[in-house]
1. Quick one: if the Förster radius is 30 Å, what FRET efficiency do A:T219 and B:R249 give, using the C-beta to C-beta distance and rounding to 0.05?
2. I'd like the accessible area for C:R136, computed on protein heavy atoms only with a 1.4 Å probe and all protein chains in place. Round to 10 Å², please.
3. Using C-alpha positions alone, give me the convex hull volume of chain B per residue in cubic angstrom.
4. On a 1.4 Å probe surface of the protein chains, which of C:E69, C:E212 comes out largest in accessible area, and what is the full order?
5. Keeping all protein chains in the complex and leaving out DNA, RNA and ligands, what accessible area do you get for B:T179 with a 1.4 Å probe, in Å² to the nearest 10?
6. Rg to Rh ratio, segment D:146-308, alpha-carbon atoms and Kirkwood radius?
7. What's the buried accessible area, both sides, between B and A using a 1.4 Å probe, rounded to 100 Å²?
8. With +1 on the Cβ of every Lys and Arg and -1 on the Cβ of every Asp and Glu, and nothing else charged, how large is the dipole of segment D:65-110 about its Cα centre, in debye rounded to the nearest 20?
Protein chains: 4
Amino acid sequence: MTQHDCMIMHYRVNDIPVGVLGASGYAGRELCELIVRHPHFSLAFATANAQRGQAITIGSQEIAFLDPESAPIHDVALVFSALPHGASLPWVQRAHDGGARVVDLSHDLRPGNGNSQLEAVYGMPELTVSARAAIRSARIVANPGCYPTCILLALAPLVAAGVVLPGATIIANAASGVTGAGNSPKRELLFGEVAEDFRAYGVANSHRHLKEMNATMATLGADVDLVFTPHLLPVARGILATITVPLDRALDDPLSLYRDAYASEPFVEVVSGEPRLSDVARRNVVRLTATMVVGTRTPTLLVRSALDNLVKGAAGQAIQNANLMLGLDECAWLPA
Amino acid sequence: MTQHDCMIMHYRVNDIPVGVLGASGYAGRELCELIVRHPHFSLAFATANAQRGQAITIGSQEIAFLDPESAPIHDVALVFSALPHGASLPWVQRAHDGGARVVDLSHDLRPGNGNSQLEAVYGMPELTVSARAAIRSARIVANPGCYPTCILLALAPLVAAGVVLPGATIIANAASGVTGAGNSPKRELLFGEVAEDFRAYGVANSHRHLKEMNATMATLGADVDLVFTPHLLPVARGILATITVPLDRALDDPLSLYRDAYASEPFVEVVSGEPRLSDVARRNVVRLTATMVVGTRTPTLLVRSALDNLVKGAAGQAIQNANLMLGLDECAWLPA
Amino acid sequence: MTQHDCMIMHYRVNDIPVGVLGASGYAGRELCELIVRHPHFSLAFATANAQRGQAITIGSQEIAFLDPESAPIHDVALVFSALPHGASLPWVQRAHDGGARVVDLSHDLRPGNGNSQLEAVYGMPELTVSARAAIRSARIVANPGCYPTCILLALAPLVAAGVVLPGATIIANAASGVTGAGNSPKRELLFGEVAEDFRAYGVANSHRHLKEMNATMATLGADVDLVFTPHLLPVARGILATITVPLDRALDDPLSLYRDAYASEPFVEVVSGEPRLSDVARRNVVRLTATMVVGTRTPTLLVRSALDNLVKGAAGQAIQNANLMLGLDECAWLPA
Amino acid sequence: MTQHDCMIMHYRVNDIPVGVLGASGYAGRELCELIVRHPHFSLAFATANAQRGQAITIGSQEIAFLDPESAPIHDVALVFSALPHGASLPWVQRAHDGGARVVDLSHDLRPGNGNSQLEAVYGMPELTVSARAAIRSARIVANPGCYPTCILLALAPLVAAGVVLPGATIIANAASGVTGAGNSPKRELLFGEVAEDFRAYGVANSHRHLKEMNATMATLGADVDLVFTPHLLPVARGILATITVPLDRALDDPLSLYRDAYASEPFVEVVSGEPRLSDVARRNVVRLTATMVVGTRTPTLLVRSALDNLVKGAAGQAIQNANLMLGLDECAWLPA
């Protein structure tokens, strides 16, 4: 294994109050579970709009959903917002104005989404060598999208190594479990519609996550076009991205490139076998591999990258960012 | 709809005896079901090696599995061989020598698989304008693979129209249900291993179906490289291929190109929405759509193509070929 | 096999116009598919409330959903109502007043549901020796519920044979696929909520179908109490009922009792193996078996009964009833 | 909540060496994962027969499978045997003779299975008030079966309270995920055979677990007959039992009876809602509820009981027993 393990933690009292806005969705619920198990955090509040007044049980702790308006967002050290895209921004502003640090899981403040009134740091610690330091000092972190986390961590080492063919078209196919679409009742997400089925959606570069990826790739200095095609899988959780990258030269050992790039990352696993959803379920990791394709005139690298869309693709990465922002061990209580 | 419907059939007696070698697998079983419902065929025998002596019930008809050695392969008009790859060839030879026509579902005689001692016609009626005539007069038909049927029917009209960028790399990602891997007991195909999971396999152009596709693309005159990456889906049946094709110019209306190409084909559906597995389950059709990708410097077409791997990808196409070989209505009794 | 096969049908023109009220649900859609394939029926209209103006494609036939108010319910020979429970009754009345025969798939007119203003015949042809004749002459048929069909056909022969222990408690556990709950978007029916899960619902005799079963058992002369516990399965379609019946004496050969009772029924399969959902999927059959339990002081029979909730449990049985009402072959075009 | 939480543990060094015989099956693998995360245990060895020489990765720890013959079974404090039924007994004897404590997950030493040469304590700590003390002092513990754990913990409080109708027949229907059948490759456990399906098996009291339940019920002093019918669910893990119990009188508040019985049990959850598999997945708990059935002449209680067959039904309960045997906190590191 090239990765470093997180240090074993020593229990302390749960002395850091945090809150969750939008706790009734799948990501918000996952956040609450991770917070309840976290050795340093105490869950001061969890809000839900339609389900306010209801409660969920995590382990033996009962958590009542507050109306967001009545949540003590100024009495916590950090607010996680898992509010719907579009609705999050004003609450991030409010929490920030009140002095709390914020991790925003919506796309409102992510690169390429055009909101400039609030300055947010993009919260993908493994993306560049300087990413972690920026997150540590950030007041607001835009937590990355699930697809971008899976795909950008597969591409960044190639861009950094300068091996991508300039002007090339990178094809990023990805398939996600249904929790990526949230738990609002929609006919197309019913069991009877999803089971035994599979289909693309958001095709031809119409999915919103493309903007986030294009803007980030530009900041990395990549001169490429992306074709991003997401698909809906009949599974609850997990994303697998299968990415073909034209290179300017064949790589003898593409895995070494990735192993070097992620040698000290506890949450990126570079493996020689095929990453699969069951490898990453309920864990805060990206697991990836890469192979040169045989028989093509343009040297072509095939990268496969997997994560749990609710953990490393959402709530787990949010905890990781919060750990960094609050000066804690980055790995605290994350299932790696 | 651009397609022509099959003519409504009039019942006749089941006057054409046919047999199935290798009837205990998923494709063989599907063949038996289609034969039992076919208005002209009578199932003279079905063989199975490990399960000989056992029987299956289709509708109210009980079908006993014979030892292949005791099957009357010379007393039938046509033999379907659904024997395992590698084991099929000698039985095809035997049946052929005895005077029967043969539809071979293995890859033993498909293009690119290097068996030249027996001359077989590749049985994909919609592939070219002359394909159907060749099948009609063939004594032996090599029934295409499931992935090649799904992918080649998506590519052939583009090659015929001369719009593919010469020397380009075509990326064909595909995902298949588990029946594509057969019903021999293997740990990696257990429910506990496949459910809630998804992974690639046969990556980097190592899957055998690539040879069949490359050889066929060459006969079509295509100057391209293929990158083919199959994936295993947690569904029983169905394949969806998502294919990106660099073009030499943007197409204003890619659907028209496909609609024109397949205007008279009863088993190809060109649609404007997203093809999904449930659209094609238990039907002898390929369903496809195509969209120009936004925002790439190289004009890029995104094609999505779906079929049922056991029907149009195996047993249904075999019946379609048998219908042609025996001078019957091509559509006879196929679920379109 | 003890069953008689349906006679092979000869094609005639589709000369009997029928209509479907409430065609957008799972049962309504299944009805439309069976009607389109039916040799005698032509689908004159299909209505949908929320989805009016939309269309579905069945085979190559496009079917537009009408507003119910504009449907020509008086110009058809027979109206199928797949409207929601409670909403169906006034439409049944209207269709009946206009002279059409009606098959009502809601529970509004089923036994035990307390609507006496309209006289309906309970449409389970195999229930008693006189059931079929009553259906043939009925103007309105109440199509049975899915659970009652599965359970009552498992119990009726025992009651008729007088072997049930008087005053006994019969335990009927059943598990159903999610299409039994319809396709209205509800959170608890999302893929993410149903997959990898299983639970009871409508427990302690609170499910509405119990009334239908109790009322029917009373008409059969049974002196028993039923405990009915339905469960939600992570499958799309199918019901399996597992029923324990205290008997007044042990039966040497319980299968013979069932085989005799259903000897001339084309849509009841008495088998010696375990009925499973895949045996009955997309077929208009009930498949059942029965075994004496070992080691109990009270002689106890264990019956397992399976059907497809959308076919024999809804649309298929509706077609079967319509065939009888219109003097057609009962089996016409039903997938047995 | 009536339950007591486990005390929060303080980390100590992993100072207790334990070993796992038969680590390649689902239960063995789950055991290894729980041991690796356990604060006091170190995994000294894991054996596998067919897969010896292979390795699995748990978190960042690689675990190589030894040949059982070369495992240092005498150098550990406790041996878990997850060997196949029948093969376990001689290894339990060997480990015991060498001085190790043993938790045997096979049925070889469970009540009703007829092996008397080795004295084992039945390891279900919540079954009776004296069970825990017996386990603490045991050298060999027979870890209960998954179905018996689910069903006996639902029945024991009723027997202890003396409310079950003497001589009555208790009907225990249960449905299990496929991991309960192990991961040996068998055709009937392939994804293509299990998905979208459901069926009973081991019917009419032929399942081996019935003996374990009957023998245990006898020791509890129950005068009842059991009818046990297991079913195979298309899910990976989890068991739900639905149990009908004739009572000698109606209970006003059956939940209170259970809440009192399990008031101090950390791993039994008595709830008012419907237990479902997702409530108990990956947790070492039994979750149950009970309701008086309406409308039956014999007062009848309907109990629903759920657990994860690999955790509380196997590996989790094994760790719980090992914790007791070794004088550790019973809850150490178990996911409750």
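1. That pair, A:T219 with B:R249, gives E of 0.40.
2. 130
3. Each residue corresponds to 134 Å³ of Cα convex hull volume.
4. C:E69, C:E212
5. 10
6. Using Cα coordinates only, the ratio equals 0.97.
7. By this definition, chains B and A bury close to 3600 Å².
8. About 180 debye.
The values are calculated or read from the model by the stated rules, or taken from the named source; none is laboratory data. Because the structure is a prediction, the values reported are computed rather than measured. All Cβ positions, even for glycine, are placed from backbone atoms using ideal geometry, and neighbour counts span all protein chains on display. Note: areas computed on protein heavy atoms with side chains; ligands, DNA, RNA excluded. Shrake-Rupley method; radii C 1.70, N 1.55, O 1.52, S 1.80 Å.
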